[in-house]
Each structure stands twice: as structure tokens, then as C-alpha cells.
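The values are calculated or read from the model by the stated rules, or taken from the named source; none is laboratory data. Predicted model only: the values in this text are computed from it and were never measured. Here the Cβ positions follow ideal geometry from the backbone for every residue, glycine too, while neighbour counts run over all protein chains shown. Side chains are part of the model used for accessible areas, which takes the heavy atoms of the whole protein and leaves out ligands, DNA and RNA. Shrake-Rupley method; radii C 1.70, N 1.55, O 1.52, S 1.80 Å.
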Amino acid sequence: MGKQGNIWNRRFWSWMNTPEMRTDWFVEKQLRAYHSGSTASSIGSAVLIAIMASISAQSGFDPLAAAGLLTFAGFAAVRQIRSSAYRRHESQIAKMAERVWIIRHSAISGVAVAVALSSALILPLADMPGIAALVVVAIMLSGSWAIDVIPRAAIGLLMTVAAGSIAAFAMIGTTEALWAAAIVAAFTIFFTAHCMFSFNSFAVRLLRARELLSAASTVQLLLNDYEEHGADWLWETGAQGRIVSPSARFAEVAAHSPAKLEFVRLIDLFDPGHERAILEALLHKGQPFRDVVARLSRDGEEHWWSLSGRPIVDTAGSVTGMRGVATDVSAAKRAEAKVAYMAHYDGLTDLPNRRLFNESLGRALLRRRDGGLAILYLDIDHFKTINDTLGHVIGDEVLKVAAQRIESCLGHQDVVARLGGDEFAVLLASTSAANDAQRIADAIVAAMGAPMFIERQEIIAGVSVGIAQAPDHGDSADALIKNADLALYHAKQTGRGRAALFEIDMHEAMQARRLIEMDLRAALGRDQLELHYQPLVNLESGETTSYEALLRWNHPEQGLIMPASFIPIAEETGHIVQLGEWVIRTALLEVARWPAHLNVSVNLSPVQMRSTNLVPTIVNALAASGVAAQRLELEITETVLMRDTEANLAVLHQLRALGVRIALDDFGTGYSSLNYLRSFPFDKIKIDRCFVDEVDSREDSRAIVRAVTGLAANLGMVTTAEGVEREDQLDELRREGCTEVQGYLLSRPMPVDQIAGRTAPVVAETKPPIAIETARKPGIVRRKAA
Ligand code: C2E
Ligand code: CA
Ligand code: CA
């Protein structure tokens, strides 16, 4: 308000000559106003001239009056010409020159016109001073009115006309003439004051308008800048929430032309939904709001705008619309969504992750009324091997294919998630009966059993599944997850590639496992471990050439525990390294007391192979026992050649360099490949019991045994058949060219005191076969890879 207040408070005189009034801009406005009044002024002048001419004519021709009239008419004509020229060539006119002309000539012309009028009027009307005074007042009125925008000229004119006419009336000297002079003087004061007032309001109006204009243009400039360079834009709505004069930027972001955008309802730009409803309510209520985010689709792309606004209130206090700023927050929204997505989805398979799975499960449990619900826990069999042998790229592809295959077995209500690594979980949102879940789990197992073709490789990756159902196996997420996991563990323990439904026994089994885990740590120190020995017999000579050391655990409560029940646990906990070292030392110390032709085989776990202590342990044990390295044979399985192959081969070569012999155990299980026989010069191949078992009844088993013995003979390796239980097998193995046999038929593993000092019995002497224990308990069968 500062500047405007100044304008209103100015004194008149200072108004006549303020710095603003000397600016080109003001003078130009003045000139425009002056010239625009010229036509009216010319008509007025013409009427005046006609009246004066008729008055003069009545009193006879007076050359002075005629000259005065002509002069007056001349000035009026000049003004008319200049004004029309000004209007025609407004922009080309040199404003300063015009200004100088006006300033100079208006004063001169004012005086000249006054003189001319006085002589033209007063003199002929000397005998009618009343009429003369009236005419003078009329002249003063029209003259000052015509040039009131140039107050100096107007006042000059008024003063001169007044001075001239008052002088003329004084010269006439009659009472009437003196009254006329007094009237003219009074009107002069009145007109002068009026002239100044009217100029004042003219100037104030102009200057105030200019100030407003410049303020507005400053704001406009700022706004333009804001809109062009900022990320934000302004919006305004009028009646019924329709957009009012949208800016170019607004139109651009809304992907409409401004013309089209105008009259669109602001709210109609947004997609229906929760956010739009909030915005609509706020706009409708005419309440101020901040940072309300709403979604809109534009060119098939999703956008998010954040809007702030406040009501436009008219002078009567009613809300006529809303006005505010908007900004496109799509990038931030998308980033936010991405983060949210990453927090809930697995990047590789695009499946929900553990967190989302748990959330979905929690919700499903809440929704579940009487209906059933099941979860499946899945673990890809041999995934680690696939990853290690074929690389992570193929491993990742296997996971993606697995994700697709699992999904293909599910309904659209079901959720499959990747929990991490090779673990997946499925939420079967509605299963009416236990067999539904079992059926779906079996379908997944079947689907996963089919070979995958990845980068021209055929890969077979099975899956093991654990199933838990609500409410039978728990009605909380935690209980269900734990039980599905237990069932999965059971499925893996019992051969993989299958689905197991949770059973309460599994808890007990797990409990027992935990106990074993704890007790095993103490077993060594408490002297609960011992080695049993099972002979390996040469088929040709029938003589025992060596004994395989097999670990036994004398548990104080559970009795004799077989290795299958505790070695996998020891491998998982890493305890096997310590146990294995004990086995090596003990076996060598015992063998030291045997006849020199009897050798010993010791089983090595893949976990032990990774221990840097392995080679020193063996070297020390050999030295401590005094047993020749050639009498020690180490049995390793194929898994050793599948993982960390390079490092493991290096260790095997070091051991072999010591003179220790290396045997490949359980050949034919796992990812068996005859290639492994070429990767290391093994001394012996032990053909797994699963082939020996049917060698007397199945041609394919026979063919495999034949192929292995043939290849081994060519490579200079000994072949040992494991698990020989029947005479028929023995005959068949002999026929296929096997070197050695091992099995219950010949001898069960036995405590060391039963061997010490004894030489091997010949095969023939063992007839009839020793009463063979009925089939071993399933729990102690070493798990074989499918
Ligand atoms: P393995 O190395 O294949 O050992 C042979 C297993 O087959 C032994 O089971 C043996 O008792 C059993 N067996 C031998 N002949 C017959 C037969 O005619 N019929 C049947 N049904 N089974 C027969 P055991 O002693 O229970 O050992 C199981 C597995 O535990 C071993 O399989 C071996 O992998 C592992 N193991 C045993 N001792 C050790 C050890 O000191 N260290 C390591 N790392 N593993 C060991
Ligand atoms: Ca073995
Ligand atoms: Ca074996």
C-alpha cells in the first residue's frame, strides 16, 4: 500500500510536477487524453465561433473582433489537425517533441485564444455585459475542459481569459460590467480549482493503474518463471469446480490443450479411487488443503499429482472457487512403489518374498472361518549342486523355471512366494480336505520332476515339499510355518522328490534330533564312540584284504546309534571334522596291531575335505601309529567331486602323494557319471548296494555293474561290490569281473576285538551264509540322493 498511499496523499501543487509526471510514459498518457478530446473540443469551438460570429455580426463588422475569431478558429483547427495526426501515427510520433510543443504552445495558445476571444467577444458585447460574462464563462468551461489534462495550459487559458475579460469589463466601467467582472472572477477560481482536481484524479488514476499494472506484471513474471522452470504449476477452479484459465504448463502436464482444459472439472482429470474421493470432498467443501496426492492416467501411463489449494473468497465472503499449486510426484511415487515392491517381492522370480508371504498368511488366517487353509514349504533338491557345478546363471534360471512350474499347479487365489535361496512356499487359501493340499503338492513334485532345458543343458531338479494345514496342524502362522518346515525336513530325510504331510511324530523326531545334536558334542569326551570293522574280501582268493571302519555311538540311554542317525547332523553342525579326525587316529592305532597284510578304509565326509586340518591330521596319525601310508584307504563320495572340485582334487592329490589310497564310495548314486572316474585316478570304485541288490535279478543292474568293472579294469582300478547279502549276487559279481566284495553275506561290521590278530576266512568257509538280520531299520539307511 505504501506507494498508493503516497499518491493519494500528495498535495495538488506537488502533483503538477512530480518526477512521475515528467516521465515519457506519463506525458504520453497526457497527450493521448489531450488529443482524444480534440473532436469534442473542435465541435465546441465551432459552435462557439458560430455564436460569436452571429453576435459580432449583429453589432456590425468589427475588424478586431473578426481577427480574434479567426485567430481562435485557427488555433482550434491546428489542434484538430495535430490531434488527428497524433491518433493516426501514435507510435511514430516523437513524443518528446510533441510534449515540448504542447507545453510551449498550449500556454501560448491559451493566452492567444484568450486575447482573441476577449477582443472578439467583449468588445462587440460592451453594452450587454451579462451576456458577455455568460459567453466568457462558457469559453472558460469548454477551454479548460478541453485541455484540463495539461493543467498549465488550462490554467494559463483560464487566467488569461479572466484577466482579459475582467480588464475589458473594467474598461467598460458600468455597474453591470463590474458585476460581470466579479462573476468571471468567481468562475475563474472555481474552474481553476476544478481543473486541478480533475487533473489530480486523472494523474492519480493513471499512476495507480500503473502501479497495479506493474505489480501485476511482476507477479505475472514471477509466475511465468515459476511455471516454466519449476516442477509445479498453478491451478484455479471456478463455478462447479471447472478449471479457469489454465496455464500452458498445466495444459502440458494434463496433456490437453488449454482451450480444452478450460471448463473441464478439475476432479475429472483424476482416476476414480480413494485419493480422488478425498480430493473431491476437499474441493467441494472449499477447505484449504495441502499435499493431497491423486492418481491420473495420461497416455496410458500412471501419474501422481500432489495438490495444495485454498478457497477463493469474494467480497461478500462466499467461496467462488479454489486456487493452488500442483506438482507431479510420479517419480517419487514410483520410487516409493519400487521400494515397497522390493520389500515385498523377490527380484529374481518376481514372486512375493517371505515378508509378503507371512503377511498374506496372517490375513488368510484371519479371513479363514471354517474353511481349510494349507501351506506348502518347498525346497529344490540338489540345488546347491546345480549351482556349484553349472554356475549361478543356470542356478538362477532353474529358480525361475521352478517358480513358473509351481505357479502352474496353483489356482489364482493361491500364493507362491520365494522365501530365499531355493526355498519356496505356497499358501493354498482354501482347501477343503487334507488330500487337496496333498494332491496339489504331488502335482508340484511331478511338474518339478520333468527335465528343464536351460542353455542347451538338460537339468533335472526335483523338489521336496512339506505340508501343514490349518486348523489341524496349528491355527497360527508361526505354528503352520514351523510344522510345514518340519514336514519338509521329513520329506528330505526320506528320500527327497516327495511331499510329506505334517505328523505330530515329526516334532518328536525333531526333538530327538536336537537331543542328538547336543549329546554328540559330549560323545567324544565321554568315550561313547567306537569303530566297527567290516571286511572287504577278494573274490578270487577269498581272502580279507582290508576292513572298512564304521563309526558307532554307544549312547547311554538310546543304546547303539548307527551313523545314518548322527553323521548327517554332525555334518550340518560341522562336528564331523572332529569326529572324523578321531576316526582316522583310532583306526590307524588299531590297525597298527593287525597283521601287516590287512589294510583299513576310512570314510571321509565332504565337509572334512574342506578342513585345512585334514592332511596334517592324516600325516600325524600315520606317524603316531607307525602304519604305512599304503595300508590306509580313504573313501570319498561323488559329491566331493561336484562341489569345490578344484580344491578337493588338490587335497586328493596331496593325500595320494603321501601313498594313501583313494576309493570312490557309493558309486552309482547321486549325480553319478562315469566322467568322475576320469577326473581322478582312483584306486578303487565301490559299486553301491542299490546295483548289487538286483544284480542277480535285473539285466540293467547287471549291465551297469559290467560297464563299471570293465571301465575300472581299463583304468587299473579295483572294483568292490557293496552290500552283498546273497550267494546268487556273489556268483553274478564274480562273473561280471568284480575284484572285491563286502556285505552281510561275508560279515557284518564287528567290534575290533573280534578281528584282532585274525586272518580272513575264505569265502567258501562262510557257507552257509550267516543268518542275516532282517532288513535294516529305515531310519538308519544312509540317505541316497535320488
Ligand atoms: P557306507 O560307507 O556305504 O558303509 C557301508 C554301510 O553299509 C554300512 O552301514 C554297513 O553296515 C552297511 N552294509 C554293509 N554290508 C551290508 C549289507 O550286506 N546289507 C546292508 N543292508 N547294509 C550293509 P553303516 O555302518 O550304518 O554306515 C552307514 C554310512 O555311514 C556309511 O555308508 C558311511 O557313509 C557312513 N559312515 C560310517 N562311518 C563313518 C565315518 O567314520 N565317517 C564318515 N564320514 N562316515 C561314516
Ligand atoms: Ca564307505
Ligand atoms: Ca558305500
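Is the C-alpha gyration tensor of the range 240-362 telling us rounded, prolate or oblate? Criteria: a/c under 1.5 is rounded; beyond that, a/b larger than b/c is prolate, otherwise oblate. Mind showing how you got there, number by number?
Details: a/c = 3.25, a/b = 2.04, b/c = 1.59.
Taking the square roots of the gyration eigenvalues as a ≥ b ≥ c, the range 240-362 is prolate.
Highest mean first, the peptides 453-461, 355-363, 729-737 sorted by other C-beta atoms within 10 Å per residue fall in the order 729-737, 355-363, 453-461. Would you please classify the overall shape of the range 539-590 from the alpha carbon gyration tensor, given that a ≥ b ≥ c denote the square roots of the eigenvalues, rounded means a/c under 1.5, and beyond that prolate means a/b larger than b/c while oblate covers the rest? Judged from the Cα gyration tensor, the range 539-590 comes out prolate (a/c at least 1.5, a/b above b/c).
With 5 Å bins beginning at zero, the pair-distance distribution over Cα atoms of the range 407-504 amounts to 3, 13, 22, 27, 19, 9, 4, 2, 1, 0 %. Indicate the gyration tensor shape class of the range 476-518 (rounded, prolate or oblate), computed on the Cα atoms with a ≥ b ≥ c the square roots of the eigenvalues: a/c under 1.5 is rounded; otherwise a/b larger than b/c is prolate and the rest oblate. Oblate is the answer for the range 476-518, as a/c is 1.5 or above yet b/c matches or exceeds a/b.
Applying a DSSP loop filter and a limit of 15 other Cβ atoms within 10 Å to the trypsin sites (Lys or Arg not before Pro) in the range 365-418 leaves 368, 369.
Using 0.36 nm per residue of separation minus the Cα-Cα distance, give me the extension gain between residue 460 and residue 293 in nm, one decimal. Present the calculation step by step, with values, prior to reporting the outcome.
Working: separation 167, 0.36 × 167 = 60.12 nm, distance 5.02 nm.
Fully extending the segment from residue 460 to residue 293 adds 55.1 nm.
Could you list the residues of the range 636-672 with an amide nitrogen less than 15 Å from a label point located 7 Å from the Cα of residue 623 in the Cα-to-C-beta direction? Within reach of a label on residue 623, which here means backbone N under 15 Å from a point 7 Å along Cα→Cβ, the range 636-672 contributes 658. Between residue 558 and residue 138, residue separation times 0.36 nm minus the direct Cα-Cα distance comes to 137.5 nm.
Between residue 645 and residue 58, 0.36 nm times their residue separation minus their Cα-Cα distance comes to what?
On the way: separation 587, 0.36 × 587 = 211.32 nm, distance 13.90 nm.
Taking residue 645 through residue 58 to full extension adds about 197.4 nm, to one decimal.
At the residue level, residue 537 shows approximately 10 square angstrom of accessible surface with a 1.4 angstrom probe and all protein chains present.
Between residue 408 and residue 318, the FRET efficiency estimated from the beta carbon spacing at R0 = 60 angstrom works out to 0.45.
By the Kirkwood approach, averaging reciprocal distances over each pair of separate Cα atoms, the range 29-85 gets a hydrodynamic radius of 12.2 Å. In a Debye calculation with equal point scatterers on the alpha-carbon sites of the range 490-596 and no solvent, what is log10 I(q)/I(0) at q = 0.25 Å⁻¹? Debye output, listed in q order: -1.39. Just to verify a number: FRET efficiency for residue 683 and residue 476, C-beta to C-beta distance, R0 = 51 Å, to 0.05? Plugging the Cβ-Cβ distance into 1/(1 + (r/R0)^6) gives 0.35.
Between residue 331 and residue 208, what FRET efficiency comes out of the Förster formula 1/(1 + (r/R0)^6) with R0 = 60 Å and r the beta carbon distance, rounded to 0.05?
Working: r = 46 Å, r/R0 = 0.76.
Calculated value: 0.85.
With a 10 Å radius around each residue's Cβ, average the other Cβ atoms per peptide and rank 278-288, 73-83, highest first. All intermediate terms of the calculation are to be shown ahead of the outcome.
Details: 278-288: 15.5, 73-83: 17.2.
Peptide ranking by packing, descending: 73-83, 278-288.
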